[in-house]
Amino acid sequence: MEEYVIQTEDLTKSYDSWFKKASRPALNKLNISIPKNCIFGFLGPNGAGKTTTIKILMGLIRPTGGKAVVLGKPYDDVESKNRIGFLPDSPAFTPTLSALEFLDVCARLLKIPSDTRKQRVEEVLEIVRMAPHAKSKIGTFSRGMLQRIGIAQAILNKPDLLILDEPLLGLDPYGRQEFKEIILAQKQQFQASVFFSSHILSDVAEICDNISILNKGKLLCAGPLDTLLSGGGEGVTVDISGTVHVRELITEADQVVKKGNEEWELFFKKPESALLSRINNLSEQFCDAVQIRKGGEDLESFFFKKIEEDNARNN
Ligand SMILES: Nc1ncnc2c1ncn2[C@@H]1O[C@H](COP(=O)(O)OP(=O)(O)O)[C@@H](O)[C@H]1O
Ligand SMILES: [Mg+2]
């Protein structure tokens, strides 16, 4: 039994060539382990190395160092790719084919037997809510519709692992909601594992069990989302409005963010029980003015903090 669907060890990629030396590796000693049956968000600003990692995992480019094991096989194993659904960052579609025809071609390439092929294509069109457009030409589709077709082809084969490069890009809020439902169903109903890169932190926070943050080719952190956001599992964030209550707590907070005029966010890494009961009392007394958030920071501030800390270290 494979415990992890993806495991990398010091995975490195430098785009050096004989005529041009890259200033730094695009990917620098990446070590990640992605457990089975989880949704893993792979985060990082533009140029962090996300697409590079995904291309290596799919066997599309070779690393210059380190190892990657996908579904228990080396990254360049061809057979195991049949168990993976893949959405590249800029998928190429044949504009003259209809959605139905395109997915039928994909299903043939995946060697889905002819007796189930038609039914499966119709099923996935239904899942991504593109059934009404089944017969329309792909060339007439909007970016969001194309993204749905991309997701449809990725799940055609009922994969054990989905690897998706920026799948939320170009989707409107409805599309993103539907995408989240599709991904959750892949995990819950089909026991699939999902690895996807994204910039849309609120969606990541909503559906991911695990995340990692990559910056300039280096991994800044990885692990279960709630553990990371609570600074190790015991952290508490308190949102406060009004300076009166803040004064009681501010000196004891591990991190203080002034969010607005008389609005504060205090983070306590490991609050002792005495401190916790004081916070609880304040919260009961002042309700809206003192609000406790278990599980720490929100992903957005955590993300920016990590990236900014790293950028400051390297400057
Ligand atoms: N084919 C390539 N040749 C040279 N440099 C590349 C190539 N592809 C990506 N890079 C560089 O590698 C770094 C990481 O890129 P990429 O993996 O696309 O990041 P992300 O997907 O996180 O935005 C960037 O600095 C990018 O310019
Ligand atoms: Mg990319």
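The values are calculated or read from the model by the stated rules, or taken from the named source; none is laboratory data. What you see is a predicted model; the values in this text were computed from it and never measured. Here Cβ is always computed from backbone atoms with ideal geometry, including for glycine, and neighbour counts include all displayed protein chains. Protein only, heavy atoms only, side chains kept; ligands, DNA and RNA dropped before computing areas. Shrake-Rupley method; radii C 1.70, N 1.55, O 1.52, S 1.80 Å.
Structure data summary
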| item | result |
| --- | --- |
| Low-density loop cleavage sites - trypsin sites (Lys or Arg not before Pro) in the range 6-51, where at most 14 other Cβ are within 10 Å (DSSP) | 20, 21 |
| Given charges at beta-carbon only (K, R positive; D, E negative), |dipole| of the chain in Debye | 1380 debye |
| For the range 68-75, 3J(HN,Hα) per residue [Karplus equation, 6.51 cos²θ - 1.76 cosθ + 1.60, θ = phi - 60°, Hz, x = Gly/Pro] | 9, 10, 10, 6, x, 10, x, 3 |
| Per residue value of the accessible surface for the chain (all protein chains in place, 1.4 Å probe), Å² | 51 Å² |
| Antiparallel content of DSSP bridges confined to the chain, in %, to 5 | 65 percent |
| Structure-based [θ]222 nm, the chain - -39500 (n - 2.57) summed over DSSP H runs of at least 4, per residue, nearest 500 | -10500 deg cm²/dmol |
| As computed over the range 4-224, the Cα convex hull volume per residue (Å³) | 125 Å³ |
| Folded to 0 to 90 degrees: helix 273-286 orientation relative to the chain principal axis, Cα | 90 degrees |
| Whichever aspartates and glutamates have a C-alpha closer than 16 Å to that of residue 258, once near sequence neighbours (fewer than 8 apart) are set aside | 239, 248, 297, 298, 300 |
| Tilt relative to the chain, helix 114-127 - C-alpha long axis, 0 to 90 degrees, to 10 | 30 degrees |
| Solvent-accessible surface ranking, highest first, for 264, 18 at 1.4 angstrom | 18, 264 |
| In degrees, nearest ten, helix 99-109 long axis to first principal axis of the chain (Cα) | 80 degrees |
| Straight-distance crosslink candidates among lysines, where the alpha carbon sits under 26 Å from residue 216 and sequence neighbours closer than 8 are dropped | 13, 20, 21, 29, 50, 55, 67, 305, 306 |
| Table column - 3J(HN,Hα) (Hz), the range 146-154, Karplus curve with 6.51, -1.76, 1.60, x for Gly and Pro | 4, 5, 5, 5, x, 5, 4, 5, 6 |
| The chain - percent relative contact order, Cα under 8 Å, separation 6 or more | 18 percent |
| DSSP-loop trypsin sites (Lys or Arg not before Pro) across the range 53-142, with at most 12 other Cβ within 10 angstrom | 111, 135 |
| Neighbour cut-off at most 15 other Cβ (10 Å), DSSP loop, GluC sites (Glu not before Pro), the range 184-276 | 234, 262, 272 |
| Residue 51 - accessible surface, heavy atoms, 1.4 Å probe, Å² rounded to 10 | 40 Å² |
